[in-house]
Amino acid sequence: MHLTRLLTLTLTLPLLLLALTTSCKSSNDDTGASTPNPADSLRLVAQGTNTELKFKADHPGTLIVSNFTAGDYLYKGTLKAGDVFVLPPNSSRAKINKEFVNLDHDTNIHDEYHLYFLNK
């Protein structure tokens, strides 16, 4: 009886360890293709206080207007290559190619504003 248990453990334990080591993947294993993080493409394209901010898109993408001082954003929209975005100080609207777009909040002359662009 003792010999049977010993043989069973001797044969089963290595197979069990082999199964566990081949089916478990380390979280540090980086052999697969990694998914790109969209935030890596986000770039600050203009910033300022009490000044008109302009940006001309060189590629299609998304523009985000942030009130850096207040910690919120005023606008998020899509731009095509060649589109020009203009954010005037102390206004409730901005322009894309001379067409007005509404902002979520009015701008003012005291806060700092940032324009971020995310390429598609």
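Just so it is clear, none of the values below were taken in a lab; they were calculated from the coordinates. None of these values were measured; they are calculated from a predicted model. Neighbour counts run over all protein chains shown; Cβ positions are idealised from the backbone, glycine included.
Taking each residue as 0.36 nm, the span from ASN50 to ASP111 lengthens on full extension beyond its C-alpha to C-alpha distance by 21.2 nm.
Relative to the 2.2 N^0.38 Å rule of thumb, region 41-119 has a C-alpha radius of gyration ratio of 0.97. Computed packing ranks the peptides 62-75, 34-47, 86-99 as 62-75, 86-99, 34-47, most packed first, by mean other Cβ atoms within 10 Å.
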